[in-house]
1. Which count do you get for residues in segment A:54-69 that are touching a helix residue (DSSP H, G or I) at 6+ places or on another chain (Cβ under 7 Å) and either without any contact (Cβ under 8 Å) to a residue 60 or more places away in the chain or closer than 18 Å to residue A:110 by Cβ (or both)?
2. Determine which member of the set B:75, B:140, B:125, B:80 is modelled with pLDDT under 95 and either within 14 Å of chain A (Cβ to nearest Cβ) or within 15 Å of DNA strand C (Cβ to nearest atom) (or both).
3. Where the second residue is part of a loop (DSSP other than H, G, I, E, B) and the first is more than 18 Å from residue A:69 (Cβ to Cβ) and lies in segment A:21-39, which pairs have Cβ atoms under 8 Å and are six or more apart or on separate chains?
4. Within 16 Å of DNA strand D (Cβ to nearest atom), under 14 Å from the mean Cα position of the chain (by Cα) and either facing another protein chain (nearest Cβ under 9 Å) or surrounded by fewer than 14 Cβ atoms within 10 Å (Cβ to Cβ) (or both): which single residue out of A:39, A:22 fits that description?
5. Please name all residue pairs, on different chains or six or more residues apart, with Cβ atoms under 7 Å, provided the first residue is in segment B:138-160 and is touching a residue at least 12 places away in the same chain (Cβ under 8 Å) and on the phi < 0 side of the Ramachandran plot and the second residue is within 16 Å of DNA strand C (Cβ to nearest atom) and outside any helix (DSSP H, G or I).
6. Within segment B:106-114, does at least one residue satisfy the condition of being away from chain A (no Cβ under 14 Å) and either within 15 Å of DNA strand C (Cβ to nearest atom) or touching a strand residue (DSSP E or B) at 6+ places or on another chain (Cβ under 6 Å) (or both)?
DNA sequence: TATTGTTATACTCTATAACTATA
DNA sequence: TATAGTTATAGAGTATAACAATA
């Protein structure tokens, strides 16, 4: 088979697998914690950040959303008590989002079901060697895409 | 590193890569043809089906959307002249969606830019061996997920 | 002047349930 | 009774542009 064809297949397999996984997760997260996938991802991203906090703009970049979209979601999560927004001491323009204890609790509550789907859906079909190869390749692709994707600030500038 | 950790990394890399790729594609498709990613995917799926036609329900399953959502998108694509809906001769309940010549034209117009992003974003970072390994693993994962994901008919039944 | 975050607004999309028609 | 597709409706989420405040 031509390599071109193999690449096309890999591309469509990536997109379909990502979409299917997200659909399954959307159900699971709603059931186990009343979260959308985006909200889960935001909390998970904060939880793994140093001290559980990140600047709003940096958070917007990792999630690939407009700033206004992030403001909307952050407001919902703040109302639910899952994160707090604090003004930064160094730069008074910026706002820092911090995950709360309650946010971490909900994350822990939701995580076992999440991991179960990952195990059943992704890795039951792969042996250890394939898992390593998949992880290596996907990380390389992700890193490459991060470079290509414009930041939220760039996207804003491009409009004017 | 523990395998568990490696799996978690692979999972998040998959989701982030898929999201980034979709964002880049959304821009490209809008620019080159005024299509959303979903609309592109629907047309592409039809184009590769035998005779360029599929039953609505089957189409809904491949794109993982509710039937009403597909009706909405199909109506838009039909208005734009990119697909046609015809009643099936065998089963008069079902409707067959068929891509039009104009739809195929638009697909061809949009495809070069699409392929360019796939090449630059995904495969520039991988050698041939990695590409094969990635395709193998992703296809195995996708096939496994297809089994786990409920069909549109199942989802409808689950509600009642 | 540029950047950060918010807000107002308008729009797209999605899902649910109810409905029609056919099997 | 079950399935296929549509429709009405209502809600969630998104992006754009305009805004205020700080750098």
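The values are calculated or read from the model by the stated rules, or taken from the named source; none is laboratory data. From a predicted model like this one, the values you see are computed outputs, not experimental measurements. Cβ sites come from the backbone with ideal geometry, for glycine too, and all protein chains shown count toward neighbours.
1. Count: 5.
2. Going through B:75, B:140, B:125, B:80 in turn, just one is modelled with pLDDT under 95 and either within 14 Å of chain A (Cβ to nearest Cβ) or within 15 Å of DNA strand C (Cβ to nearest atom) (or both): B:125.
3. The qualifying pairs are A:23/B:64; A:23/B:149; A:24/B:149; A:29/A:35; A:29/A:36; A:30/A:36.
4. A:22
5. B:149/B:64; B:152/B:66
6. Scanning segment B:106-114, I find no residue that is away from chain A (no Cβ under 14 Å) and either within 15 Å of DNA strand C (Cβ to nearest atom) or touching a strand residue (DSSP E or B) at 6+ places or on another chain (Cβ under 6 Å) (or both), so the answer is no.
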